[in-house]
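J.: Have a look at this one.
The values are calculated or read from the model by the stated rules, or taken from the named source; none is laboratory data. None of these values were measured; they are calculated from a predicted model. Heads up, the Cβs are rebuilt from the backbone with ideal geometry, glycines too, and the neighbour counts pull from every protein chain shown. Heads up: the accessible areas ignore ligands, DNA and RNA and are worked out on the full protein's heavy atoms, side chains in. Shrake-Rupley method; radii C 1.70, N 1.55, O 1.52, S 1.80 Å.
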Amino acid sequence: MLTINNITVDFGGVKAVDNVSFSFQDRELLGLIGPNGAGKTTLMKVITGTVKPTSGSVSLDKSNLNGKAPYLRIRAGIGISQQIVHPVNSMTVLENVTFAAGHSKTDQVFLSLFKTNRAIEKEEALNLLKMVEIEDVADEKPENLPLGYIKRLELARALALKPKLLLLDEPLAGLNQSEAERLSNTLLKLNQQGQNIILIEHNLTEVVRICQRLVVIDNGKKIGEGEPKTVMNNPVVRTAYLGRS
Amino acid sequence: MGYEISLLTIMGISVIGALSLNMILGFCGQISLGHAAFLGIGAYTSAMLTKAGIPFLLALPAAMLLSGLIGVIVGFSSLRVRHDFLAITTMGVSFLFTGLVRKQEFLGGEMGIAAIPDPGYGKVGFMLFVFGLAIALTLFSLYIKRSWMGFTFDTVADDEDTATLLGVNVSGYKLMAFALGTAFAGLAGALYAHNVKFIDPESFGFIESITILSMVVIGGTGSVWGVISAAVVLSVFPLWFQFIDDYKLLVYGGLLCAVMLLSPEGVSSLVVKLFNKIFKREKAIHVNN
Ligand SMILES: Nc1ncnc2c1ncn2[C@@H]1O[C@H](COP(=O)(O)OP(=O)(O)OP(=O)(O)O)[C@@H](O)[C@H]1O
Ligand SMILES: [Mg+2]
């Protein structure tokens with residue numbers, strides 16, 4: 001459903017992404033991994049349109065996304081939870097997710113004025129907060145919360161958009177191993193229910209456990225792709241990880 | 001009695017003007033340092049039209065329309081630039097307005113326009129008319145806050161990039177805020193023109209823009225009741241105290257700075273905080289008992 005064609009991103013001499021291609025199959029839970037600075041986040045931003053690739057193209061359901069404004073890509077069915085958290089700090093956790101759940105009420109600027117009811121969206125939001133286990137802070141402002149909470153808030157918010165394809169950039173950051181395991185199980189369950197997910201994660205234990213396929217990048221280049229166990233045994237992948245840390 | 005009525009009328013017009021800027025700055029988070037220019041556009045439109053024999057009640061919506069249209073054009077600049085630069089751009093709009101009008105013979109140039117037709121409601125009638133509009137705009141403002149449009153404005157005001165990644169047409173919402181805010185500014189300007197019956201370019205200069213900005217910021221950007229209270233107080237101060245009128249820019253500029261430093265969310269939030277403090281302490285005592 002999503003195809004990355006020869007994407008290169010050049011940040012003034014630094015090739016953050018270097019001629020990467022891969023495609024995402026329907027109903028997949030795909031892990032995108034690589035050492036720090038590999039170019040994973042940059043690739044996510046190319047998909048959402050906040051970073052313009054130097055060359056190459058991205059297409060969703062066979063329609064080319066190049067030149068399409070980021071908000072239109074989101075409306076076309078991409079939901080993202082970013083590596084660096086951006087909660088709306090002036091709203092409570094529940095309001096953050098409620099707002100996202102109301103995306104169909106806000107897509108027409110003028111008509112949004114005539115819609116006031118938030119009950120359904122609030123309920124949806126509360127269910128999502130329960131799913132990611134942060135309903136206890138529903139009425140708090142995000143700025144006072146630890147990272148693990150905000151990351152899950154952003155996951156819930158991305159899910160509230162009901163995206164065809166969910167992009168998750170390190171959703172397990174800030175969680176302890178048992179929390180990470182539970183959230184991974186939630187992701188796995190969502191995927192089994194049909195949710196398409198691209199998962200960027202440094203917690204390789206969980207990645208290998210839940211993903212069906214991995215794409216590995218290092219220094220902007222794709223260095224491996226395939227079934228998780230096989231990929232992790234690939235010597236090139238092993239040196240990429242071991243050679244750095 | 002006549003004096004009180006004109007005072008109350010001015011208050012009502014100020015409330016409309018302040019609420020109109022509040023839609024742009026308070027709701028959507030877009031700075032505008034040239035808001036008085038849009039009051040000016042409304043004032044000149046209505047004055048010219050009524051002088052040409054068009055009924056007051058038709059001239060009012062025309063004033064709003066023209067002001068709102070030009071507002072959308074200025075709003076386009078908010079799409080390209082970030083906050084600090086938008087401040088400069090809108091300040092430019094203020095100077096552009098006075099500069100342009102001053103040179104237009106058909107708009108009366110430096111001399112302005114005098115003998116603007118009276119709407120014919122009588123002094124009390126006009127005051128009630130202004131009050132009615134001020135109340136309607138207050139209700140509309142409160143309604144916007146409750147609507148999904150207001151919800152989206154909140155998100156855009158807080159973080160445009162995040163709003164975008166939640167699928168929000170940020171440009172569309174900003175333009176909407178500018179359209180609404182400048183249209184109602186046009187209304188306030190038109191009312192002003194028919195109240196005073198004389199306008200010149202200086203009536204809508206930079207000082208006036210700062211005055212309206214003070215009302216919104218001191219009242220607490222976004223807080224409808226805070227902005228109304230500030231508009232009421234700040235609109236009559238210069239009429240009561242001549243020295244404030246003489247040193248308007250100094251006094252309002254000083255107040256602006258003080259609020260920004262002491263309580264960026266405005267005086268109203270300071271009052272709320274104090275109230276909460278006292279109230280919560282009482283509650284704590286109750287719990288202890
Ligand atoms: N806006 C930018 N301007 C210049 N260089 C950038 C920019 N964004 C990222 N880079 C560089 O591009 C490279 C890839 O960064 P990116 O954030 O995509 O890596 P990553 O794989 O997400 O790393 P991590 O696992 O640490 O999050 C890095 O060398 C980074 O310094
Ligand atoms: Mg990253």
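J.: Identify, from the list A:Ala76, A:Ala69, A:Ala119, the residue that is of a type in the set (A, V, I, L, M, F, W, C) and crowded, with 16+ Cβ neighbours inside 10 Å.
T.: Matching residue, one of A:Ala76, A:Ala69, A:Ala119: A:Ala76.
J.: Of all the residues that make up region A:26-49, how many are surrounded by fewer than 16 Cβ atoms within 10 Å (Cβ to Cβ) and within 16 Å of ligand 2 (Cβ to nearest atom)? Before the answer, list the steps.
T.: Of region A:26-49, the ones surrounded by fewer than 16 Cβ atoms within 10 Å (Cβ to Cβ) are A:26-27, A:36-37.
Checking which are within 16 Å of ligand 2 (Cβ to nearest atom) leaves us with A:36-37.
Qualifying residue count, region A:26-49: 2.
J.: Of the numbered conditions (1) within 19 Å of the chain's Cα centre (by Cα); (2) of a type in the set (A, V, I, L, M, F, W, C); (3) at the interface with another protein chain (Cβ under 8 Å from one of its Cβ atoms), A:Val109 fails exactly one; give the number of that condition.
T.: Only one criterion is unmet by A:Val109, namely (1).
J.: Out of curiosity, is A:Val97 more than 10 Å from chain B (Cβ to nearest Cβ), within 26 Å of A:Lys141 (Cα to Cα) and buried (at least 22 other Cβ atoms within 10 Å of the Cβ)? So that I can check it myself, show each step before the final result.
T.: On the way: more than 10 Å from chain B (Cβ to nearest Cβ): yes; within 26 Å of A:Lys141 (Cα to Cα): yes; buried (at least 22 other Cβ atoms within 10 Å of the Cβ): yes.
Criteria met by A:Val97.
J.: So, one more: Check whether at least one residue in region A:125-140 is in contact with a helix residue (DSSP H, G or I) (Cβ under 6 Å, 6 or more places away or on another chain), within 9 Å of another protein chain (Cβ to nearest Cβ) and at negative phi, and report yes or no.
T.: Within region A:125-140, none of the residues are in contact with a helix residue (DSSP H, G or I) (Cβ under 6 Å, 6 or more places away or on another chain), within 9 Å of another protein chain (Cβ to nearest Cβ) and at negative phi.
J.: Working carefully through the options B:Ser263, B:Ser203, B:Ser171, B:Ser235, find the one that is within 14 Å of another protein chain (Cβ to nearest Cβ) and either out of contact with any Ser or Thr (no Cβ under 7 Å at 6 or more places or on another chain) or not hydrophobic (A, V, I, L, M, F, W, C) (or both). Before the answer, list the steps.
T.: Numbers: B:Ser263 fails: within 14 Å of another protein chain (Cβ to nearest Cβ); B:Ser203 fails: within 14 Å of another protein chain (Cβ to nearest Cβ); B:Ser235 fails: within 14 Å of another protein chain (Cβ to nearest Cβ).
The conditions single out B:Ser171.
J.: On to the next question. Within region A:60-85, count every residue that is among the β-branched types (Val, Ile, Thr), in contact with a Pro (Cβ under 9 Å, 6 or more places away or on another chain) and within 16 Å of ligand 2 (Cβ to nearest atom).
T.: From region A:60-85, those among the β-branched types (Val, Ile, Thr) are A:74, A:78, A:80, A:84-85; that's our starting set.
Then drop every residue that is not in contact with a Pro (Cβ under 9 Å, 6 or more places away or on another chain), which leaves A:74, A:78, A:80, A:85.
In the following step, the residues that additionally are within 16 Å of ligand 2 (Cβ to nearest atom) were identified as A:80, A:85.
So the count comes out to 2.
J.: Given the criteria of a type in the set (S, T, N, Q), within 12 Å of ligand 2 (Cβ to nearest atom) and either buried (at least 16 other Cβ atoms within 10 Å of the Cβ) or outside any helix (DSSP H, G or I) (or both), does A:Asn6 qualify?
T.: Values: of a type in the set (S, T, N, Q): yes; within 12 Å of ligand 2 (Cβ to nearest atom): no; either buried (at least 16 other Cβ atoms within 10 Å of the Cβ) or outside any helix (DSSP H, G or I) (or both): yes.
Answer is no for this residue.
J.: Just to be sure I understand, how many residues within region B:139-160 are without any contact (Cβ under 8 Å) to a residue 12 or more places away in the chain and open to solvent by 50 Å² or more (accessible area, probe 1.4 Å)? Outline the logic, then answer.
T.: So the first thing to find is which residues in region B:139-160 are without any contact (Cβ under 8 Å) to a residue 12 or more places away in the chain, and the list is B:139-140, B:143, B:146-148, B:151, B:159-160.
Retained after the next criterion (residues that are open to solvent by 50 Å² or more (accessible area, probe 1.4 Å)): B:139-140, B:143, B:146.
Looking only at that region, the number is 4.
J.: Is there any pair linking a residue in region A:34-60 that is in contact (Cβ under 8 Å) with a residue 12 or more places away in the chain and within 14 Å of chain B (Cβ to nearest Cβ) to one that is assigned to a loop (DSSP other than H, G, I, E, B) and within 12 Å of ligand 2 (Cβ to nearest atom), with Cβ under 7 Å and at least six apart or on different chains, and which?
T.: A:Thr41/A:Gln83
J.: Being in contact with a strand residue (DSSP E or B) (Cβ under 7 Å, 6 or more places away or on another chain), part of a strand (DSSP E or B), more than 14 Å from ligand 2 (Cβ to nearest atom) and under 29 Å from A:Gln193 (Cβ atoms) narrows it down to one residue among A:Ser57, A:Ser23; which is it? So that I can check it myself, show each step before the final result.
T.: Working: A:Ser57 fails: under 29 Å from A:Gln193 (Cβ atoms).
The match here is A:Ser23.
J.: Moving to a separate point now. Which residue out of B:Ala163, B:Ala136, B:Ala179 is away from chain A (no Cβ under 13 Å) and open to solvent by less than 70 Å² (accessible area, probe 1.4 Å)?
T.: Working: B:Ala163 fails: away from chain A (no Cβ under 13 Å); B:Ala179 fails: away from chain A (no Cβ under 13 Å).
Being away from chain A (no Cβ under 13 Å) and open to solvent by less than 70 Å² (accessible area, probe 1.4 Å) holds for just one of B:Ala163, B:Ala136, B:Ala179, which is B:Ala136.
J.: Restricting the search to region A:157-198, which residues are open to solvent by 10 Å² or more (accessible area, probe 1.4 Å), without any contact (Cβ under 8 Å) to a residue 40 or more places away in the chain and assigned to a helix (DSSP H, G or I)?
T.: The answer is A:Gln177, A:Ser178, A:Glu181, A:Asn185, A:Lys189, A:Leu190, A:Gln192.
J.: Does A:Gly224 satisfy the criteria of being away from ligand 1 (no atom under 14 Å from the Cβ), open to solvent by less than 20 Å² (accessible area, probe 1.4 Å) and closer than 28 Å to A:Gly49 by Cβ? I'd like the intermediate steps shown before the answer.
T.: Details: away from ligand 1 (no atom under 14 Å from the Cβ): yes; open to solvent by less than 20 Å² (accessible area, probe 1.4 Å): yes; closer than 28 Å to A:Gly49 by Cβ: yes.
Here the answer is yes, as A:Gly224 does meet what is asked.
J.: Restricting to region B:119-133, give me the number of residues that are surrounded by fewer than 17 Cβ atoms within 10 Å (Cβ to Cβ) and either farther than 17 Å from B:Gly2 by Cα or within 14 Å of chain A (Cβ to nearest Cβ) (or both). Steps first, please.
T.: Let us first name the residues in region B:119-133 that are surrounded by fewer than 17 Cβ atoms within 10 Å (Cβ to Cβ), namely B:120-125, B:128, B:131-132.
Cutting the leftovers down to either farther than 17 Å from B:Gly2 by Cα or within 14 Å of chain A (Cβ to nearest Cβ) (or both) gives us B:132.
Total meeting the criteria: 1.
J.: On to the next question. Restricting the search to region A:55-66, which residues are at pLDDT below 95 and surrounded by 18 or more Cβ atoms within 10 Å (Cβ to Cβ)?
T.: Hits for region A:55-66 are A:Leu60, A:Leu65.
J.: What are the residue pairs meeting all of these: first residue in region A:2-31, first residue more than 21 Å from A:Pro171 (Cα to Cα) and within 16 Å of ligand 1 (Cβ to nearest atom), second residue among the acidic types (Asp, Glu) and in a strand (DSSP E or B), Cβ atoms under 7 Å, and 6 or more apart or on different chains?
T.: A:Thr8/A:Asp18; A:Phe22/A:Glu225
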